[in-house]
Amino acid sequence: MNCGGDTYIAAGKTDFTNVDTGFILGIDDSDSDTPKFFIGSSTKYLNWDGTALTIAGAVISGVVLTGTSADAFTLNSDLQDVNADLALGRTTGGSATLRWNGTIAAIDKNFQCPTLNLTGGQISFPAAQSASADGNTLDDYEENTWASDVGATSNFTGTPTLSDGRYTKIGNVVTLQGVVTANATTGGLQSYMAFTIPFTAAHVTCGAAFQNSGTMGFCYVTGSTLYIFWPAASGIKVNSDSYYFEVTYRV
């Protein structure tokens with residue numbers, strides 16, 4: 001059929017729009033004789049306008065796809081071991097891309113879901129923290145061993161040795177644990193030893209310390225230093241012994 005310069009076959013439609021229900025296949029004379037195909041209604045349709053294929057309200061394998069002429073739905077099939085991309089485009093807000101590279105599925109925008117079910121049982125954070133100013137955003141997790149040479153000491157002979165030093169960092173909170181092997185010089189005398197910590201403390205914070213022989217002390221962090229301390233009244237024992245400590249502080 002030829003109507004006003006357009007050549008097409010159609011039923012229910014008389015032009016290349018989604019106003020009427022039906023289909024139209026032909027040449028659009030008003031658009032440089034561009035071949036076009038429109039089928040559907042004003043809300044559910046498949047359109048080829050000579051440049052892009054647009055689907056709205058279609059049901060495919062039980063999945064509903066919705067969109068307007070301003071939205072894009074693109075799936076690149078990966079048969080040559082290249083990236084397969086699912087691109088969701090918007091006139092406002094830009095596009096979001098879900099990419100499968102054969103190993104990792106990644107999305108390049110913020111992702112939101114009501115419940116996160118980790119069937120693999122792991123969350124991986126980057127080695128370098130990506131800090132967030134949002135108080136509801138967890139931006140770091142790290143657990144590792146920790147080693148430091150002793151700094152200043154008082155009432156200890158030889159060189160106190162830190163062993164089995166461990167830390168866990170969750171967001172801006174760090175927990176340090178460790179064991180020090182040391183030999184106190186004089187019993188019942190104020191004693192301390194100092195070590196460099198892996199994360200600088202925001203404030204002075206106290207923790208617990210315990211001599212394996214049974215005396216209780218305390219520890220505290222200030223700046224980049226951990227002090228393990230026994231007051232004179234604690235009755236520190238004179239022998240080579242193990243000293244345990246734990247402190248949790250904010251960075």
(request) Please turn the phi angles of the stretch 237-251 into ³J(HN,Hα) values with the Karplus equation 6.51 cos²θ - 1.76 cosθ + 1.60 (θ = phi - 60°), one per residue in order, whole Hz, x for glycine and proline. (result) 8, 8, 4, 7, 9, 9, 10, 9, 8, 7, 8, 10, 9, 9, 9
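Residue 115 to residue 14: extension gain in nm, 0.36 nm per residue of separation minus the Cα-Cα distance?
Details: separation 101, 0.36 × 101 = 36.36 nm, distance 4.87 nm.
Full-extension gain reported as 31.5 nm.
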(message) Can you bin every Cα-Cα distance in the stretch 136-191 into 10 Å intervals starting at zero and give me the percent of pairs per bin, rounded to whole numbers?
(response) 20, 36, 25, 14, 5
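Over the stretch 144-250, what lengths in whole Å, largest first, do the semi-axes of the equivalent ellipsoid take, defined as the square roots of 5 times the eigenvalues of the alpha-carbon gyration tensor?
Numbers: eigenvalues 106, 35, 27 Å².
Rounded to whole Å, the semi-axes are 23, 13, 12.
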(request) Express in whole angstrom the spacing between the alpha-carbon centres of the stretch 128-169 and the stretch 203-251. (result) 15
(message) So I have [x] 18.9; [y] 24.0; [z] 24.8, and one of them is Kirkwood radius over Cα pairs in Å calculated from this model. Which one is it?
(response) [z]
(request) With unit charges on the beta carbon (Lys/Arg positive, Asp/Glu negative), name the residue among 200, 41, 110 whose Cα is farthest towards the positive pole of the charge dipole of the chain. (result) 200
(request) Tabulate in residue order the Karplus-calculated ³J(HN,Hα) for the stretch 35-48, using 6.51 cos²θ - 1.76 cosθ + 1.60 with θ = phi - 60°, rounded to whole Hz; enter x for Gly and Pro. (result) x, 9, 9, 10, 9, x, 10, 6, 10, 10, 7, 10, 10, 10
(message) I want to check the label-to-label distance for residue 189 and residue 225. Put each point 7 Å from Cα in the C-beta direction and report it in nm to one decimal.
(response) 2.0
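Given a Förster distance of 30 Å, report the FRET efficiency between residue 128 and residue 196 from their Cβ-Cβ distance, rounded to the nearest 0.05. Mind showing how you got there, number by number?
On the way: r = 20 Å, r/R0 = 0.68.
Computed FRET efficiency for residue 128 and residue 196 comes out at 0.90.
Which order do peptides 40-52, 206-218, 171-183 fall in by mean Cβ count within 10 Å, highest first?
Details: 40-52: 14.5, 206-218: 16.3, 171-183: 18.1.
Descending packing order for the listed peptides: 171-183, 206-218, 40-52.
A short reminder: the numbers here are calculations on the coordinates, not readings from a lab. Keep in mind that what you see is a predicted model, and the values were worked out from it rather than measured. Using ideal geometry, Cβ is built from the backbone for each residue, glycine included, and neighbour counts are taken over all protein chains shown.
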